[in-house]
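The values are calculated or read from the model by the stated rules, or taken from the named source; none is laboratory data. These numbers come from a predicted model, not from an experiment. Every residue, glycine among them, receives a Cβ derived from its backbone with ideal geometry; neighbour counts consider all protein chains shown. Only protein heavy atoms, including side chains, enter the accessible area calculation; ligands, DNA and RNA are left aside. Shrake-Rupley method; radii C 1.70, N 1.55, O 1.52, S 1.80 Å.
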Amino acid sequence: MTSSPYACACPAAQSLPTSFPGSPRWPGGTAQGIEIPWIKFKEIEAARKDLAGAGLTLGPCGPRFRTVTACPGLPVCRRALADSQSFARQIDQKFSGWLLPHKFKATVSACPNACSRPQENEIGFCAAVQPYMEADACMGCGLCVDICREKALVLQDGKPLLDKSRCVLCADCMQSCPTDAWKAERMGYAVYAGGKNGRHPTQGEKIADFVNEEQGMMIIQRCLDFYLQHGKKRERLGDLIRRVGRDEFKAAVLQ
Amino acid sequence: MTEELDLRGEVCPYTFVKTKLRLEELDSGQDLTILLDDSAATANVSRSLRSEGHEILDLKALSGEVWQIVVKKNEIDLQ
Ligand code: SF4
Ligand code: SF4
Ligand code: SF4
């Protein structure tokens with residue numbers, strides 16, 4: 001997102017001297033929003049309308065489903081395995097602003113590099129591909145073996161052999177192969193739940209693998225149902241999961 | 001006779017830039033042998049060559065971290 005639609009659209013912020021600490025700025029945090037300080041209370045409604053004209057909405061705050069973040073994904077990042085931005089928009093349109101026991105963050109990353117930190121969100125999606133080899137197409141050059149940073153591949157009898165326990169599902173091998181011998185056996189998003197940052201950071205736990213967008217939306221829906229039903233006021237999702245037990249949570253969310 | 005391009009010591013994106021410049025001097029159907037000393041650069045160069053329509057005839061590791069790509073130049077119809 002660039003600042004230009006905002007600059008054109010909001011006289012409330014434009015009228016501020018740029019040297020004043022009140023110009024629109026990116027707070028540099030992980031929320032990926034634009035922060036516009038120093039807008040007078042009585043001008044907020046006018047500013048909201050100006051922003052709406054530029055296609056921007058006010059981000060939810062408080063105990064709500066927050067604006068969904070994403071890594072750049074396809075087609076911007078060359079490592080990307082998915083269109084993280086469009087999935088994030090889909091999630092945002094459906095759930096953003098929902099009133100919940102506490103704040104709730106969601107993010108989408110388009111490969112296992114996990115740049116938008118899916119493990120530090122209440123719900124995090126991280127695209128992954130499980131490779132398999134068509135041995136006939138392999139000419140045994142060994143390039144994929146050298147490329148794999150996880151040492152998940154070794155050449156055996158002139159062909160690469162995959163150690164699934166080391167593989168992080170990044171598809172580097174597929175993208176390096178000059179003969180397209182690696183194919184995708186399964187692809188989709190890994191789902192992490194219950195992560196958070198802040199005073200007591202905790203890593204989210206992986207609760208599902210290779211889900212598509214539709215299944216992902218369903219998992220969020222069930223997760224929020226569970227949270228609304230069992231969560232105490234000001235209890236983050238991760239704390240709820242630890243209180244009731246992850247098996248019960250997973251059973252409810254994955255069904 | 002195949003032409004040779006030694007890109008050992010070069011880094012991305014110069015590896016592909018120099019490959020492209022050299023290919024421009026060749027006729028369609030001619031081969032070029034490229035030497036690189038990095039597997040990631042080798043993967044990038046071969047992927048870029050393929051996406052521009054050229055044909056990888058051979059790709060292999062020579063001794064000591066050296067990779068060799070043999071590519072056949074294809075004139076691409078940009079219609
Ligand atoms: S998570 Fe992967 S696809 Fe997304 S920006 Fe990072 S490296 Fe690129
Ligand atoms: S997907 Fe990534 S980690 Fe798995 S074998 Fe391929 S390169 Fe290695
Ligand atoms: S890069 Fe492709 S051709 Fe080379 S060893 Fe790996 S699978 Fe085989």
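Applying the criteria of a DSSP loop state and at most 10 other Cβ atoms within 10 Å to the trypsin sites (Lys or Arg not before Pro) of region A:196-243 yields A:Arg199, A:Lys232, A:Lys233, A:Arg234. Close amide-amide hydrogen proximity is noted between B:Asp58 and B:Val70, each under 5 Å apart and 5 or more residues distant or on a separate chain (H modeled in the peptide plane; Pro and chain starts excluded). Remark: accessible area buried at the B-A interface is about 1000 Å², both chains counted, probe radius 1.4 Å. Between A:Ile44 and A:Leu99, the simple spin-label model (points 7 angstrom out along Cα→Cβ) gives 1.6 nm. Of the trypsin sites (Lys or Arg not before Pro) found in region A:163-195, those that fall in a DSSP loop while having at most 10 other beta-carbon atoms within 10 Å are A:Lys164. Hydrodynamic radius of region A:34-94 by the Kirkwood approach over all distinct alpha-carbon pairs: 13.8 Å.
Summed over qualifying helices (DSSP H, 4 residues or more, each -39500 (n - 2.57)) and divided by its residue number, chain A shows a 222 nm mean residue ellipticity of -8500 deg cm²/dmol. Each residue was assigned an accessible area with a 1.4 Å probe, and for A:Asp83 the value is about 60 Å².
Taking Cα centre as origin and charging only the Cβ of basic (Lys, Arg, +1) and acidic (Asp, Glu, -1) residues, the dipole magnitude of chain A rounds to 1200 debye.
Using the Stokes-Einstein relation with a Kirkwood hydrodynamic radius computed over Cα pairs, the translational diffusion coefficient of region A:122-255 at 10 °C and a viscosity of 1.306 mPa s comes to 94 µm²/s. Taking a straight line from the alpha carbon of B:Lys73, these lysines sit under 24 Å away, with near neighbours fewer than eight places off in the same chain left out: B:Lys18, B:Lys20, B:Lys60.
Note on region A:122-255: lysine pairs with Cα distance below 25 Å, sequence gap of 8 or more or different chains, count 18.
The contact residues of region B:43-63, meaning those that lose at least 30 Å² of 1.4 Å-probe accessible area when all protein chains sit together rather than their chain alone, are B:Ala43, B:Arg47, B:Arg50, B:Leu59. Once the Cα atoms are used to define both axes, helix B:39-51 deviates from the longest principal axis of chain B by about 10 degrees. Which of A:Phe210, A:Phe125, A:Phe41 moves the most in a Gaussian network model of chain A with Cα springs under 10 Å? Taking springs between Cα atoms under 10 Å, the residue moving most is A:Phe41. Full extension of the segment from B:Arg50 to B:Cys12, taken as 0.36 nm per residue of separation minus the current Cα-Cα distance, would add 12.0 nm. FRET efficiency for the pair A:Leu58 and A:Glu214, taken as 1/(1 + (r/R0)^6) with r the Cβ-Cβ distance and R0 = 22 Å, rounds to 0.15. Computed from Cα positions, the angle between helix A:213-230 and the longest principal axis of chain A comes to roughly 60 degrees. About the centre of its Cα atoms, region A:130-183 shows a dipole size close to 180 debye [charges on the beta carbon of Lys, Arg (+1) and Asp, Glu (-1) only; nearest 20 debye]. Each Lys and Arg contributes +1 and each Asp and Glu -1, all at the Cβ; summed about the Cα centre of region B:20-79, the dipole is approximately 160 debye. Here the Debye sum runs over all C-alpha atoms of region A:192-255 as equal scatterers in vacuum, and log10 of I(q)/I(0) at q = 0.13 Å⁻¹ comes out as -0.33.
Cut-off 10 angstrom, C-alpha nodes, Gaussian network model of chain A. Which of A:Ala135, A:Ala181, A:Ala106 fluctuates the most? Residue with maximal mean-square fluctuation among A:Ala135, A:Ala181, A:Ala106: A:Ala135.
Enclosing the Cα atoms of chain A in their convex hull gives a volume equal to 159 cubic angstrom per residue. Considering Cα pairs under 8 angstrom that are at least six residues apart, work out the relative contact order of chain B and quote it in whole percent. Reported as a whole number, the value is 33 percent. Counted over all Cα-Cα pairs of region B:3-72, pairs farther apart than 17 Å make up 30 percent. When chain A is treated as a Gaussian network with alpha carbon springs shorter than 10 Å, the biggest mean-square fluctuation among A:Trp38, A:Trp182, A:Trp98 belongs to A:Trp38. Split the accessible area of chain B by element, probe 1.4 Å, and carbon with sulfur accounts for 47%. The relative contact order of chain A comes to 15 percent, based on Cα pairs under 8 Å that sit 6 or more residues apart. Calculated accessible area for region A:68-153 comes out at 42 Å² per residue, all protein chains present (probe 1.4 Å; ligands, DNA, RNA ignored). Our coupling estimate for region A:241-255, obtained by passing each phi through the Karplus curve with A = 6.51, B = -1.76, C = 1.60 and θ = phi - 60°, is 4, 5, 6, 8, x, 5, 5, 5, 4, 5, 4, 6, 7, 9, 6 Hz, Gly and Pro reported as x.
As I understand it, the value is the acute angle between the Cα axis of helix B:14-25 and the longest principal axis of the Cα atoms of chain B; what does it come to in degrees, rounded to 10? For B:14-25 against chain B, the angle is about 40 degrees.
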